[in-house]
Amino acid sequence: MKNVSVIGAGFAGLTVSLELAQKGFQVDLYESSSRVGGLLGTDYTEYGIAERAANALIRTTKANDLFARLGLTPSFPLESSKKRFLFRDHPRSWPLSFSESLSLLARVVPRLLLGKRHLRPRPQETLEAWGKRLLGPKATRFILGPAMQGIYGNDISGLSASLILGPLFRRKKKDKYRGLLTSRGGMQDLVDALEKALRDKGVRIHLNTAPDLASLTGPVVIATSAKAASALTLSKHPELSQVLGKIRMSSLMSVTLFFNKAQTSYQGFGCLIPRGYNLKALGVLMNSYIFKDRNKHYNETWIMGGYEESSLLDLPDRDVLKLIAEERFKILGHKESLLDYRINRWKDALPYYDLQLEEVSSLLMSQNLPSGVYLHGNYLSGIGLSKILERSEVLAEQIAGTHG
Ligand SMILES: Cc1cc2nc3c(=O)[nH]c(=O)nc-3n(C[C@H](O)[C@H](O)[C@H](O)COP(=O)(O)OP(=O)(O)OC[C@H]3O[C@@H](n4cnc5c(N)ncnc54)[C@H](O)[C@@H]3O)c2cc1C
């Protein structure tokens with residue numbers, strides 16, 4: 001049996017290990033912490049569950065198949081989650097005026113009629129510049145900005161349009177599924193099911209172990225954050241380490257609040273908040289209106305942070321709660337009292353999808369890597385779990401083709 005080592009047991013490491021084990025490899029999976037899952041996990045409180053980071057995957061055929069393979073019953077969003085709010089002085093389902101909407105249509109429709117390539121971003125163009133060029137300033141500020149910052153955790157003035165929108169212009173076939181999926185007990189169910197499937201397939205999971213690259217033989221998949229990958233490769237592959245080291249990391253904080261009473265003014269997925277209002281929150285997820293079985297007590301998750309705002313993570317709990325209470329009143333106009341909370345601070349957790357990452361990403365393609373070294377993680381194919389899952393399958397194919 002051929003051996004392969006995988007370093008890092010977050011979603012990337014777990015899913016690529018599963019694919020490799022299924023292809024007949026003997027997989028050794030190394031994880032420096034005491035548990036698998038990386039950013040994924042769920043805290044269970046007497047008031048309901050609180051996700052530590054991601055709360056769902058985009059539902060694709062592959063994500064659906066993964067749940068089926070793991071024997072996990074998927075949970076789909078509630079009808080109420082179809083309503084989404086964008087903040088413009090107050091939460092609105094559509095933040096543009098009639099004339100601003102007409103102006104947006106006048107800009108986009110002719111380009112779409114000519115073919116969507118006319119909307120393609122330019123190299124080294126920020127999302128903000130792309131938006132202003134093609135959608136106009138208002139749609140950029142009140143729609144594109146909050147939507148993208150809600151996913152990438154950073155202001156669109158720094159985000160790369162090619163990295164983020166480029167894949168939309170390459171996608172060939174539309175997936176038959178839409179929406180999101182998660183598991184009834186939260187993302188920890190998915191992590192537990194992945195861990196069990198790996199152990200059943202004979203994958204050797206080494207917790208509390210950060211191996212030295214030089215000690216490993218055979219192909220190695222480095223499935224850590226970009227920052228950890230840079231540190232890991234420093235002594236054996238200094239050039240690769242230097243390229244990885246150019247990727248800037250951003251920090252995010254996810255704060256789940258349980259209230260004694262539900263706010264009923266805004267029943268939907270959540271509300272995204274544009275910059276320029278002197279508000280720190282990037283967005284709020286109204287969990288009880290998104291997922292079934294999460295309404296034991298009404299709860300919301302507030303997301304804060306980003307590359308420029310990483311110092312927010314240094315605030316003590318008391319100050320975080322005070323800040324959110326103030327912003328919650330300004331945004332939602334509500335002041336229900338708090339039953340419980342969970343704060344997860346993710347320092348340097350996510351890659352900043354900026355122009356610098358755009359510049360280095362082509363250098364991280366497999367043909368430029370040392371032989372037998374494979375990179376995986378949220379700085380390569382996309383930040384979301386479904387994209388990571390797609391890459392797990394592609395990487396496993398590639399490794400089987402070369403080393404199988
Ligand atoms: C607040 C927040 C909300 C999010 N929401 C969503 C969402 O709703 N949907 C979605 O699709 N995505 C979401 N994401 C993004 C998604 O969660 C991440 O992109 C994804 O979980 C990253 O997985 P990963 O395996 O690449 O990295 P990680 O989860 O960071 O895993 C890397 C692992 O490598 C280990 N490691 C590091 N160094 C070493 C070493 N030297 N040796 C061994 N092990 C090592 C770490 O301990 C860790 O376990 C969210 C992210 C955040 C922060």
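What residue, among those in segment 154-193 that are polar (S, T, N, Q) and within 16 Å of the ligand (Cβ to nearest atom), is nearest to ALA63 (Cα to Cα)? Of everything passing the filter in segment 154-193, THR182 is nearest to ALA63 (Cα to Cα).
Table: residues versus (1) away from the ligand (no atom under 11 Å from the Cβ); (2) under 20 Å from SER251 (Cα atoms).
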position	(1), (2)
GLU308	yes, yes
ASP314	yes, yes
ASP317	yes, yes
VAL320	yes, yes
TYR379	no, yes
SER386	no, no
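Take the conditions in a loop (DSSP other than H, G, I, E, B), within 16 Å of the ligand (Cβ to nearest atom) and surrounded by 13 or more Cβ atoms within 10 Å (Cβ to Cβ) and apply them to ASN64. Does it pass? Here the answer is no, as ASN64 does not meet what is asked. Scanning segment 1-22 for residues that are more than 7 Å from the ligand (Cβ to nearest atom) and closer than 16 Å to MET187 by Cα yields LEU14, THR15. Just wondering, is there one or more residues in segment 173-189 that are at negative phi, without any contact (Cβ under 8 Å) to a residue 24 or more places away in the chain and hydrophobic (A, V, I, L, M, F, W, C)? No; the residues of segment 173-189 include none that is at negative phi, without any contact (Cβ under 8 Å) to a residue 24 or more places away in the chain and hydrophobic (A, V, I, L, M, F, W, C). The single residue among GLY372, GLY377 that is surrounded by fewer than 19 Cβ atoms within 10 Å (Cβ to Cβ), among the small types (Gly, Ala, Ser) and in contact (Cβ under 8 Å) with a residue 12 or more places away in the chain turns out to be GLY372. Annotation: of all residues in segment 223-272 being of a type in the set (Lys, Arg) and more than 16 Å from the ligand (Cβ to nearest atom), the one that is surrounded by the most Cβ atoms within 10 Å (Cβ to Cβ) is LYS246. Taking the condition within 12 Å of the ligand (Cβ to nearest atom) and either touching a strand residue (DSSP E or B) at 6+ places or on another chain (Cβ under 8 Å) or outside any strand (DSSP E or B) (or both), does ALA53 pass? Yes.
Any idea which of LEU312, LEU350 is closer than 25 Å to PHE269 by Cβ and out of contact with any Ser or Thr (no Cβ under 6 Å at 6 or more places or on another chain)?
Working: LEU350 fails: out of contact with any Ser or Thr (no Cβ under 6 Å at 6 or more places or on another chain).
Going through LEU312, LEU350 in turn, just one is closer than 25 Å to PHE269 by Cβ and out of contact with any Ser or Thr (no Cβ under 6 Å at 6 or more places or on another chain): LEU312.
Report yes if some residue within segment 248-260 is free of Cβ contacts under 8 Å to residues at least 24 places away in the same chain and polar (S, T, N, Q); otherwise report no. No: segment 248-260 contains no residue that is free of Cβ contacts under 8 Å to residues at least 24 places away in the same chain and polar (S, T, N, Q). Mind checking whether some residue in segment 23-35 is within 14 Å of the ligand (Cβ to nearest atom), of a type in the set (D, E, K, R) and not in a strand (DSSP E or B)? Yes: one or more hits. Is there a residue being touching a Phe, Trp or Tyr at 6+ places or on another chain (Cβ under 8 Å), not in a loop (DSSP other than H, G, I, E, B) and not basic (Lys, Arg) anywhere in segment 204-215? Looking for residues that are touching a Phe, Trp or Tyr at 6+ places or on another chain (Cβ under 8 Å), not in a loop (DSSP other than H, G, I, E, B) and not basic (Lys, Arg), one finds at least one in segment 204-215, hence yes. Of all the listed residues (LEU375, LEU385, LEU395), the sole one being closer than 13 Å to PHE11 by Cα, hydrophobic (A, V, I, L, M, F, W, C) and at pLDDT 95 or above is LEU385.
With the requirement that a residue be more than 13 Å from the ligand (Cβ to nearest atom) and either on the phi > 0 side of the Ramachandran plot or surrounded by fewer than 19 Cβ atoms within 10 Å (Cβ to Cβ) (or both), what does segment 194-213 give you? Scanning segment 194-213 gives LYS196, ARG199, ASP200, LYS201, GLY202, ARG204. In segment 27-50, the residues that are without any contact (Cβ under 8 Å) to a residue 60 or more places away in the chain and on the phi < 0 side of the Ramachandran plot form no Cβ pair under 8 Å with any partner that is of a type in the set (D, E, K, R) and more than 6 Å from the ligand (Cβ to nearest atom), whether six or more places apart or across chains. Applying the condition of being part of a loop (DSSP other than H, G, I, E, B) and crowded, with 16+ Cβ neighbours inside 10 Å to segment 36-50 and asking which residue is farthest from the ligand (Cβ to nearest atom) yields TYR47. Just one of (1) modelled with pLDDT of 95 or more; (2) farther than 18 Å from LEU39 by Cβ; (3) not basic (Lys, Arg); (4) not in a loop (DSSP other than H, G, I, E, B) fails for ALA228. It is (2).
The values are calculated or read from the model by the stated rules, or taken from the named source; none is laboratory data. What you see is a predicted model; the values in this text were computed from it and never measured. Backbone-built Cβ (ideal geometry, glycine too); neighbour counts: all protein chains shown.
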